[in-house]
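This report concerns only the one structure given below.
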Amino acid sequence: MQLRQKDLLGLEYLDKEEINLILETARPFKDLFTRSVKKVPPLRGKTVVLLFYEPSTRTRTSFELAAKRLSADVLNISASTSSVAKGESLIDTAKTLEAMKADFVVIRHSMAGAPHILASKIGASIINAGDGTHEHPTQGLLDMFTIWERKGKLSGLKVAIVGDILHSRVARSNIWGLNKMGAKVYVIGPATLIPPRIEDMGVKVYYDLDDIIGELDVINVLRIQMERQKENLFPSLREYNEIFGITEERLKRAKEDLLVMHPGPMNRGIEISSSVADSSRSAITEQVTNGVAVRMAVLYLLAGGDSRGVRK
Amino acid sequence: MVSRKKKVIMDAKEVSWTIKRMAHEIVEKSYGIKDLVIVGIQTRGVHLAKRIAREIESIENKEVPVGSLDITLYRDDVDSIAHQPMVKETAIPFDITDKKVVLVDDVLFAGRTVRAALDELIDFGRPKLIRLAVLIDRGLRELPIQPDFVGKVYPTSSKELVCVNLKEVDGEDNVILKEEA
């Protein structure tokens with residue numbers, strides 16, 4: 001069993017077996033974190049470039065740690081402090097990295113499809129670390145890993161994604177992945193933040209969380225993206241909190257073992273209350289640990305090469 | 001690869017006697033079981049390690065700690081094999097620093113697995129010493145590695161295969177020599 005592609009561009013392009021392979025490979029990598037020496041040698045001599053056109057702390061450091069724990073060399077390039085600021089095009093930047101013999105390029109870009117362009121232009125393995133509002137596959141994978149670890153399965157679970165679905169690449173990757181793994185996916189939020197025809201992706205839409213909360217096994221709370229709220233898509237943060245905020249009060253009607261997740265960074269007191277975020281139901285800090293393990297699994301598996309193996 | 005059975009190198013009884021003998025040798029050479037720990041290499045080495053530990057316990061009436069080691073991440077051929085092998089569990093639930101470690105594997109061949117295992121073990125701590133126990137030494141070494149405890153030395157050619165079968169994974173105990181057809 002192996003990944004059938006050189007790149008990880010989105011969960012849309014993986015099948016159930018490949019997702020399973022990544023999740024199963026992440027488990028032994030997570031076990032490494034309990035050792036005193038957390039570093040293992042399989043990517044020794046490989047170069048991983050982190051090319052970030054959008055700010056990120058969590059995802060970037062998680063990839064950096066994952067690559068370093070596999071003994072790869074890591075280069076950090078952020079758009080604001082590189083030739084990109086001088087007007088270099090994405091493809092020219094990519095060609096430069098290829099000329100430097102990068103084996104992996106982890107890219108975050110505000111335009112959907114930017115990783116796809118890179119993948120078609122250079123031989124290095126491209127990993128999408130978030131492209132516009134399109135996909136964020138490693139977040140989807142780490143969310144599924146977290147559910148799988150806590151619940152022992154994915155198939156048949158009722159998973160709700162709550163909040164700003166419209167702007168969320170995390171939501172889209174979760175929907176692709178969870179559907180393939182046999183979970184039932186619900187999206188819940190204000191009508192203005194639910195994209196039209198989202199039902200076509202195989203999800204059920206609810207506009208009132210309280211209608212469905214009693215049936216859910218997992219709730220994945222999305223961040224209200226302040227930087228994208230200039231369009232006035234809902235009246236006020238306070239009203240949002242009233243209707244969609246995940247609070248102790250609201251969870252009284254939920255299943256005892258409801259799992260609460262959040263991709264971070266959290267706006268405490270808006271989409272999630274502090275007491276829920278810090279409760280035993282929450283897997284939010286666990287998600288961060290799992291993120292490193294899942295990204296190690298992805299790097300490790302992609303390094304295996306395949307028929308298109310331009311790299312070597 | 002198609003292969004045909006050529007010869008039975010060890011049958012079930014011989015496997016059992018050999019494990020008993022190796023257990024005695026380990027106790028003798030370690031001068032008792034103080035600070036002794038046993039670590040098996042995935043997959044069959046782990047089962048052999050558990051069996052050896054059980055024999056030692058029946059000799060000394062005291063439990064010996066057993067761990068398992070998966071060397072996948074320490075292989076030297078990541079670039080040359082077709083795809084990445086599945087990573088299995090490594091579980092060494094004790095500190096190996098200053099311990100006498102007996103590393104157990106089923107077949108000793110090129111010695112590359114043992115090289116990887118040594119590298120990985122040393123990432124876990126600094127043992128007082130590491131000794132190597134194998135059920136079959138089939139020769140054809142590519143690295144300067146020699147076993148301390150051997151079930152059977154059985155020189156082979158590179159065209160032959162040595163298959164160790166153990167009840168826990170294969171349903172029966174024996175060692176079979178096969179040849180490429």
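The values are calculated or read from the model by the stated rules, or taken from the named source; none is laboratory data. Note that this is a predicted model, so its numbers are computed, not measured. A quick note on method: Cβ atoms are made from the backbone with ideal geometry, for glycine too, and the neighbour counts reach across all protein chains shown. These accessible areas exclude ligands, DNA and RNA; they are computed on the full protein's heavy atoms, side chains included. Shrake-Rupley method; radii C 1.70, N 1.55, O 1.52, S 1.80 Å.
Using just the helices of chain A, give the 222 nm mean residue ellipticity in deg cm²/dmol: DSSP H runs with n ≥ 4 each add -39,500 (n - 2.57), and the total is spread over all residues, rounded to 500. Could you put the intermediate results ahead of the total?
On the way: 10 runs with 109 residues, N = 312.
Counting only the DSSP helices, I get -10500 deg cm²/dmol.
When the Cα positions of A:Asn174, A:Gly163, A:Val203 are compared along the charge dipole of the stretch A:161-208, A:Asn174 comes out farthest toward the positive end, with charges on each C-beta of Lys, Arg, Asp and Glu. Take B:Asp77, project a point 7 Å from its Cα along the Cβ direction, then tell me which residues of the stretch B:1-42 have their backbone nitrogen under 11 Å from it. Nothing falls inside the zone, counting backbone N under 11 Å.
With all protein chains present, how much of the accessible area of the protein assembly as shown (probe radius 1.4 Å) comes from carbon and sulfur, to the nearest whole percent?
On the way: 10860 of 21620 Å².
Exposed carbon and sulfur together represent 50 percent of the surface.
Heavy-atom accessible area with a 1.4 Å probe sorts A:Glu18, B:Glu14, A:Glu231, largest first, into A:Glu231, B:Glu14, A:Glu18.
Electrostatic bookkeeping for B:Leu177 treats Lys and Arg as +1 and Asp and Glu as -1; over the other residues with beta carbon under 13 Å from its beta carbon, the sum is +4.
Dipole size in debye (nearest 20) for the stretch A:66-118 around its Cα centre, Lys and Arg Cβ +1, Asp and Glu Cβ -1?
160
For the stretch A:111-212, the normalised intensity computed at q = 0.10, 0.22 Å⁻¹ comes to -0.30, -1.15 (log10 of I(q)/I(0), Debye sum over alpha carbons, equal scatterers, no solvent). The dipole here belongs to chain A: it is taken about the Cα centre, uses +1 on the Cβ of Lys and Arg and -1 on the Cβ of Asp and Glu, and is about 1160 debye.
When the dipole is taken about the Cα centre of the stretch A:7-118, and only Lys, Arg (+1) and Asp, Glu (-1) are charged at their Cβ, what size is it in debye, to the nearest 20? Show your work: numbers first, answer last.
Numbers: 16 positive and 14 negative charges, 139 e Å.
Approximately 660 debye in magnitude.
Take chain B with all the other protein chains still there, run a 1.4 Å probe, and you get 50 Å² of accessible area per residue. Checked against a 22 Å cut-off, the cross-linked pairs A:Lys6/A:Lys39; A:Lys38/A:Lys153; B:Lys13/B:Lys178; A:Lys16/A:Lys151; B:Lys88/B:Lys152 give Cα-Cα distances beyond that limit for A:Lys6/A:Lys39; A:Lys38/A:Lys153; B:Lys88/B:Lys152. Considering the protein assembly as shown at the alpha-carbon level, its Rg and Dmax are found to be 26.6, 81 Å.
Each residue was assigned an accessible area with a 1.4 Å probe, and for B:Phe124 the value is about 40 Å².
Packing, as the average of other Cβ atoms within 10 Å across residues, places the peptides B:92-99, A:143-150 in the order A:143-150, B:92-99, highest first.
The mean number of Cβ atoms from other chains found within 10 Å of a Cβ in peptide B:89-95 is 2, as a whole number.
Show that you can apply the helix-only estimate: for chain B, add -39,500 (n - 2.57) for every DSSP H stretch of four or more residues, divide by all residues, and state [θ] at 222 nm to the nearest 500. Mind showing how you got there, number by number?
Details: 4 runs with 52 residues, N = 181.
So the calculated ellipticity at 222 nm is -9000 deg cm²/dmol.
In this structure, A:Lys121 and A:Arg58 have a Cβ-Cβ separation that, at R0 = 30 Å, corresponds to a calculated FRET efficiency of about 0.60. Accessible area drop of at least 30 Å² (1.4 Å probe, protein heavy atoms): which residues of the stretch B:102-129 qualify, relative to the chain alone? For the stretch B:102-129, once contacts with the other chains are taken into account, B:Asp123, B:Phe124 lose 30 Å² or more. Distance from the C-alpha centroid of the stretch A:19-54 to that of the stretch A:135-162: 19 Å, rounded to the whole angstrom. Dimensions of the stretch B:94-181 along the principal axes, based on C-alpha atoms and rounded to the nearest Å, stand at 46, 30, 19, largest first.
Mean separation of Cα pairs under 8 Å and 6 or more residues apart, divided by the residue count, gives chain A a relative contact order of 21 percent. Charged neighbours of A:Ser173, selected by a Cβ distance under 12 Å, balance to -1 (K, R count +1; D, E count -1).
Heavy atoms of chains A and B lose about 1700 Å² of accessible surface on contact, summed over both sides with a 1.4 Å probe. Return the whole-Å distance between the Cα centroid of the stretch B:119-181 and the Cα centroid of the stretch B:54-78. One Cα centre to the other: 14 Å. Considering only B:Trp17, A:Gly304, A:Ala191, and ranking their Cα positions along the charge dipole of the protein assembly as shown that arises from unit charges at the beta-carbon of Lys, Arg, Asp and Glu, the one farthest toward the positive end is B:Trp17. For chain A, the longest principal axis of the Cα atoms and the long axis of helix A:137-151 meet at an angle of about 60 degrees. Among B:Phe109, B:Phe149, the sequence by solvent-accessible area, most first, with a 1.4 Å probe is B:Phe109, B:Phe149. What the Kirkwood sum gives for the stretch A:1-126 is a hydrodynamic radius of 15.7 Å, with every pair of different alpha carbons counted. Averaging the sequence gap over all C-alpha pairs within less than 8 Å and six or more residues apart, then dividing by the number of residues, gives the stretch A:73-136 a relative contact order of 29 percent.
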